[in-house]
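Trainee: Please see the structure below; I have some questions.
The values are calculated or read from the model by the stated rules, or taken from the named source; none is laboratory data. Being a predicted model, the structure only gives us computed values, none of them experimental. Don't worry about glycine lacking a Cβ; one is built from the backbone with ideal geometry, like all the others, and counts go over all protein chains shown.
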Amino acid sequence: MAQPDGLLYSKEHEWLKIEGDVGTVGITDYAQNSLGDIVYVELPRVGQTIQQHGSIGVVESVKAVSDLYTPVGGEVVEVNPALEADPALVNRDAFGEGWLYKVKLADAGERDALLDPQAYDALVAEGAH
Amino acid sequence: MYSPHTDSDIEAMLAVIGSPSLEDLVRVPDAVALRGPLEVPPGLPEIELGAKIAGYAKRNAAVGYTSFLGAGAYRHYCPPVVMSLAMRGEFLTAYTPYQAEVSQGYLQAIYEWQTYVCLLTGLDIANASVYDGATALAEGAIMAVNATGRRAVLVSSAVHPNYRAVLRTYARGLDLDVEELPVDANGATDFSNLEARLADKRFAAVIVQSPNFFGCINTPGEAARAAVRSTGTVSIGVVAEAMSLGVLATPASWGAQIAVGEAQSFGNPLAYGGPYVGFIAATKDHMRRIPGRLVGRSLDNRGNEAFTLTLQAREQHIRREKATSNICTNQAHCALVATIYLAAVGETGLRRAAVLNLERTNALAERVCAIDGYSRAFSTPVFNEVVIRVPAALGAGRVLAELERRSILGGVALDRWYPDLGDCILMNATELTTPEDIDVLCAALRDIVSVATESPAVHV
């Protein structure tokens, strides 16, 4: 399964789209598919400072509660307001309408630790999770 | 089924830590170790045992006393139907159902309990109960900490001292700061400085009790509520005497987003400190943070109404170290008793019982304060407890001791928690407090004063 281009990926199945110094974060289609029907997303707070690879929230599905990890560090500048009323947006459009939060990047170099679409595709193909 | 460690498990673990045997690992000093068999007398026939235990029970001094003790533990009337239903074999377990969905009856009872708690608190959701009011308060504070990401809570000094002690125990483990709001000269929480204290948004929650520990009906006013709202602080309302909810405004109506408290008063008898039953209710936006179990009403695969445990995904057995609470159970049987009590007395019955509490307490306060030397410490209206100031020459301790000699448990001396209230006794009246009880108390209090004035303390 090909992963969308133009995004970076973490081993914890988050995606990151960088525009200027702000990154938009979501979970991948593979992740939403593994979790099943998502019933709740606990997001970080706007203004909260987050560290790369930190655990800052949870995604709760009918099957499990999974931690939400941060692909990059920085300050949270926006969270997706639509998820409170409709968390299943993450299932329907993980790479689009189901985005989770936006972060003002603290360190441009942190993105180097992330995977490109091909590398993430390989990770998923291995069935790393 | 409980599976203990096998011998090979134990050997493997001992090998890892390098200890030759369990006895070697846990060495009990000879002075305190029991090396032989436990020395207990042989078993008795059932009839003899009954007689022996009845003999012990007769030595129980509290029988035959007239009691004005309250302070978080209350005597109330319980209609016989409550226990005859609650003691049915189908219900008789202290424990939450663990093969939950086969216990539809119990789940329905818990669902009804949650519904009652929502009705009484005015809030959207309630859980299946927790151990007691103090635990409920600590868990409510943790909800607020998780909701706000702040690491301190502000609690009124008029919240039950034991509840505050439990809160501090929880806070120590979680490394939270607990600060207090002072009490004013009327026995009410002093909110005058609240806005300034909340300004730096350091506090996750403001915790207020009403009726407070002094019995005072004391809710935050509009200014205090505005300060809480505008700083994003969570307002926690504590109700240590659930009977008050039969006649007083709901915690939601005075701004509480989380209401916690103790429901022992609903049908659960007093029994040497427990068991008790705590409740937690909250607004819908706190739904995912409420600890413990919640029962939901749903439909089964044939379209029939069915009850189910819901939101379990955040409990400890699933979330492990990421769980936000250590509670994986509920106080099932006590909550059941409370539920049946509420169903039995109904809305009208609960209101009448609560009004009786109010009337008897006002009668108690009036009668006691008519005696020379006794007065109310605070002017704030009370529910079923009142702080009485006794003659300073006697002090609370001496008055209580003299009452006890006359087979009266006169209340609780407040100086152990509030050094400034050394001459003060917290007295309780409920619907079980009769006018005759108050007569007996007043006669004794008069007697104590007159004896004291006739024979002043001799100074050598």
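Trainee: Among the strands (runs of 3 or more DSSP E) contained in region B:291-389, which hold 1 or more residues that are β-branched (Val, Ile, Thr) and away from every other protein chain (no Cβ under 14 Å)? Show your work before the answer.
Mentor: Details: elements: B:294-299, B:305-310, B:385-389.
Counting at least 1 such residues, we get B:294-299, B:385-389.
Trainee: Now a separate question. Might you let me know whether region B:258-273 holds any residue that is surrounded by fewer than 24 Cβ atoms within 10 Å (Cβ to Cβ), more than 20 Å from B:ALA73 (Cβ to Cβ) and either at pLDDT 85 or above or hydroxyl-bearing (Ser, Thr, Tyr) (or both)?
Mentor: No, there is no match, as no residue in region B:258-273 is surrounded by fewer than 24 Cβ atoms within 10 Å (Cβ to Cβ), more than 20 Å from B:ALA73 (Cβ to Cβ) and either at pLDDT 85 or above or hydroxyl-bearing (Ser, Thr, Tyr) (or both).
Trainee: Additional query: If I filter region B:149-166 down to residues being in a loop (DSSP other than H, G, I, E, B) and more than 16 Å from B:LEU198 (Cβ to Cβ), which single residue comes out as nearest to the other protein chains (Cβ to nearest Cβ)?
Mentor: Residues of region B:149-166 that are in a loop (DSSP other than H, G, I, E, B), as a first pass: B:149-151, B:157-160.
Imposing the further condition that a residue be more than 16 Å from B:LEU198 (Cβ to Cβ) reduces the set to B:157-160.
Values: B:SER157: 30, B:ALA158: 32, B:VAL159: 28, B:HIS160: 32 Å.
Checking each candidate, the answer is B:VAL159.
Trainee: Would you check if there is a residue in region B:236-252 being in contact with a helix residue (DSSP H, G or I) (Cβ under 9 Å, 6 or more places away or on another chain), on the phi > 0 side of the Ramachandran plot and either in a loop (DSSP other than H, G, I, E, B) or at pLDDT 95 or above (or both)?
Mentor: no
Trainee: Just name the residue that is farthest from B:ALA240 (Cα to Cα) out of those in region B:358-395 that are small (Gly, Ala, Ser) and either loosely packed, with under 15 Cβ neighbours inside 10 Å or at pLDDT 95 or above (or both).
Mentor: The selected residue is B:ALA393.
Trainee: It is to be established whether one or more residues within region B:55-70 are at pLDDT 95 or above and of a type in the set (A, V, I, L, M, F, W, C).
Mentor: yes
Trainee: Restricting attention to region B:143-166, report how many residues are under 14 Å from B:GLY237 (Cα atoms) and either touching a Gly at 6+ places or on another chain (Cβ under 7 Å) or not charged (D, E, K, R) (or both).
Mentor: Going through region B:143-166, the residues under 14 Å from B:GLY237 (Cα atoms) turn out to be B:143-144, B:153-160, B:163-164.
Remaining after also requiring either touching a Gly at 6+ places or on another chain (Cβ under 7 Å) or not charged (D, E, K, R) (or both): B:143-144, B:153-160, B:163.
The total comes to 11.
Trainee: Another question, then. How about region A:48-87: which of its residues are facing chain B (nearest Cβ under 10 Å), more than 14 Å from A:LEU100 (Cβ to Cβ) and touching a residue at least 12 places away in the same chain (Cβ under 8 Å)?
Mentor: Of everything in region A:48-87, those that are facing chain B (nearest Cβ under 10 Å), more than 14 Å from A:LEU100 (Cβ to Cβ) and touching a residue at least 12 places away in the same chain (Cβ under 8 Å) turn out to be A:SER61, A:VAL62, A:LYS63, A:ALA64.
Trainee: Still on this structure: Among the residues in region A:109-116, are any in contact (Cβ under 8 Å) with a residue 24 or more places away in the chain, of a type in the set (A, V, I, L, M, F, W, C) and closer than 26 Å to B:THR324 by Cβ?
Mentor: Checking region A:109-116: not a single residue is in contact (Cβ under 8 Å) with a residue 24 or more places away in the chain, of a type in the set (A, V, I, L, M, F, W, C) and closer than 26 Å to B:THR324 by Cβ.
Trainee: Go through (1) under 37 Å from the mean Cα position of the chain (by Cα); (2) surrounded by 10 or more Cβ atoms within 10 Å (Cβ to Cβ); (3) not aliphatic (A, V, I, L, M) for B:SER21 and report which single condition fails.
Mentor: Single failed check for B:SER21: (1).
Trainee: Condition first: under 19 Å from A:GLN118 (Cα atoms) and either assigned to a strand (DSSP E or B) or out of contact with any helix residue (DSSP H, G or I) (no Cβ under 8 Å at 6 or more places or on another chain) (or both). Now tell me which residues in region A:12-32 satisfy that.
Mentor: A:GLU12, A:GLU14, A:TRP15, A:LEU16, A:LYS17, A:ILE18, A:VAL25, A:GLY26, A:ILE27, A:ASP29, A:ALA31
Trainee: From the set of residues in region A:28-47 that are of a type in the set (S, T, N, Q) and surrounded by 20 or more Cβ atoms within 10 Å (Cβ to Cβ), which is farthest from the other protein chains (Cβ to nearest Cβ)?
Mentor: Taking the candidates together, the pick is A:THR28.
Trainee: Can we say B:THR283 is assigned by TED's automatic domain parsing to the domain that holds B:CYS328 and under 20 Å from B:SER157 (Cα atoms)?
Mentor: Working: assigned by TED's automatic domain parsing to the domain that holds B:CYS328: yes; under 20 Å from B:SER157 (Cα atoms): no.
Answer is no for this residue.
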